[in-house]
Amino acid sequence: MIRSMTGFGTGRAYFGTDELVVEIRSVNGRYCEVRVRMPREFSALEPALVRQVKERIVRGHVDVVVRRIAAPGSAVEPRVDAALADRIVEELRSLQSRLGLPGELTIADLLGVEGIVRLEEPDTDLDEAGRALEAATAEALDRLVEMREREGRNLRDDIARRLERLAELRAEVERIAPEAIQARQERTRARVEEILEGREVDPQRMAQELAILAERMDVSEELTRLASHLEQGRRLLQADEPAGRRLDFLVQEMNREANTLGAKASWLESAELVVEMKAEIDRIREQVQNVE
């Protein structure tokens, strides 16, 4: 199936009281390159996420953004160092006794001591988070692939139309080629006779030269190869597996045949057809750059 390399998808899943949001964007790229941005507490889960993406995506630059949305009040947890509090109280009472100071210690006195109460991020259950991340990524990939397939259908239809136009142009060159070669031979014969001004022409030499001219102008091999490329292109558009790289190579081969046609078939009608042919090939090349 022809798929575009451009797309976007998002997925969500929950673990504990928190929500994970995964956003995946992809653009054109020769290979599959995955870049991930995620909270540092999930860094151990990145390799599995990259493998999951590459199981679904063959080509393209892929950006994955993972966000953790904590439930209200769950972003941090208070930690009380009771052992430190005990030592502080013991030391303060000892100091109070030694100096003979009045008063009682209160909780407010302890809260002002650095280190007794700390706010820390809660511990993350990586097993539970990994399952949530896998689910959210799967949902995002489904939506991404759906978008790539939808755009791929448009690419396929456009490329198919241009392949058919190329087939029409090729058929027209094939139709007029024999007449053009014969006309060129006749003009050459007439020109030679004009130059010789009535002197006898060696028929064998003339036939040999005209045969060489016809061989130089013969484009049957190029037309045959071009027909084969067009048929391969049609099959690739209907293939189930990604075809972007093979289509890219095929377009290069089509362009090579068109260039050779242009060099061999310099007669006016053919030259105009080859110019249009090359224009269509360039348009196909532009579209193929976005095919997975």
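The values are calculated or read from the model by the stated rules, or taken from the named source; none is laboratory data. Source: prediction; values computed, not measured. Here the Cβ positions follow ideal geometry from the backbone for every residue, glycine too, while neighbour counts run over all protein chains shown.
Here is a yes/no grid of residues against (1) surrounded by 13 or more Cβ atoms within 10 Å (Cβ to Cβ); (2) of a type outside the set (A, V, I, L, M, F, W, C); (3) free of Cβ contacts under 8 Å to residues at least 12 places away in the same chain:
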position	(1), (2), (3)
Gly115	no, yes, no
Thr124	yes, yes, no
Glu134	yes, yes, no
Glu139	yes, yes, no
Val145	yes, no, no
Glu151	yes, yes, no
Ala167	yes, no, no
Glu172	yes, yes, no
Arg175	no, yes, yes
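Segment 1-101 holds strands (runs of 3 or more DSSP E) entirely within its bounds, and those carrying 2 or more residues that are of a type in the set (A, V, I, L, M) and out of contact with any Cys (no Cβ under 8 Å at 6 or more places or on another chain) map to 18-27, 32-37, 60-69. Arg93 meets all of the listed conditions (1) in contact (Cβ under 8 Å) with a residue 40 or more places away in the chain; (2) over 19 Å from the mean Cα position of the chain (by Cα) but one, namely (1). One residue alone among Glu55, Glu90 is farther than 30 Å from Gly152 by Cβ, out of contact with any strand residue (DSSP E or B) (no Cβ under 8 Å at 6 or more places or on another chain), loosely packed, with under 14 Cβ neighbours inside 10 Å and among the acidic types (Asp, Glu), and that residue is Glu90. Candidates in segment 7-45 are the residues that are modelled with pLDDT of 95 or more and of a type in the set (S, T, N, Q); of these, the one that is surrounded by the most Cβ atoms within 10 Å (Cβ to Cβ) is Ser26. Quick check: anything in segment 230-238 touching a strand residue (DSSP E or B) at 6+ places or on another chain (Cβ under 6 Å), touching a residue at least 24 places away in the same chain (Cβ under 8 Å), in a helix (DSSP H, G or I) and on the phi < 0 side of the Ramachandran plot? There is no residue in segment 230-238 that is touching a strand residue (DSSP E or B) at 6+ places or on another chain (Cβ under 6 Å), touching a residue at least 24 places away in the same chain (Cβ under 8 Å), in a helix (DSSP H, G or I) and on the phi < 0 side of the Ramachandran plot.
Considering segment 22-38, the residues that are among the aliphatic types (A, V, I, L, M) and touching a helix residue (DSSP H, G or I) at 6+ places or on another chain (Cβ under 7 Å) include one that is nearest to Leu247 (Cα to Cα), namely Val34.
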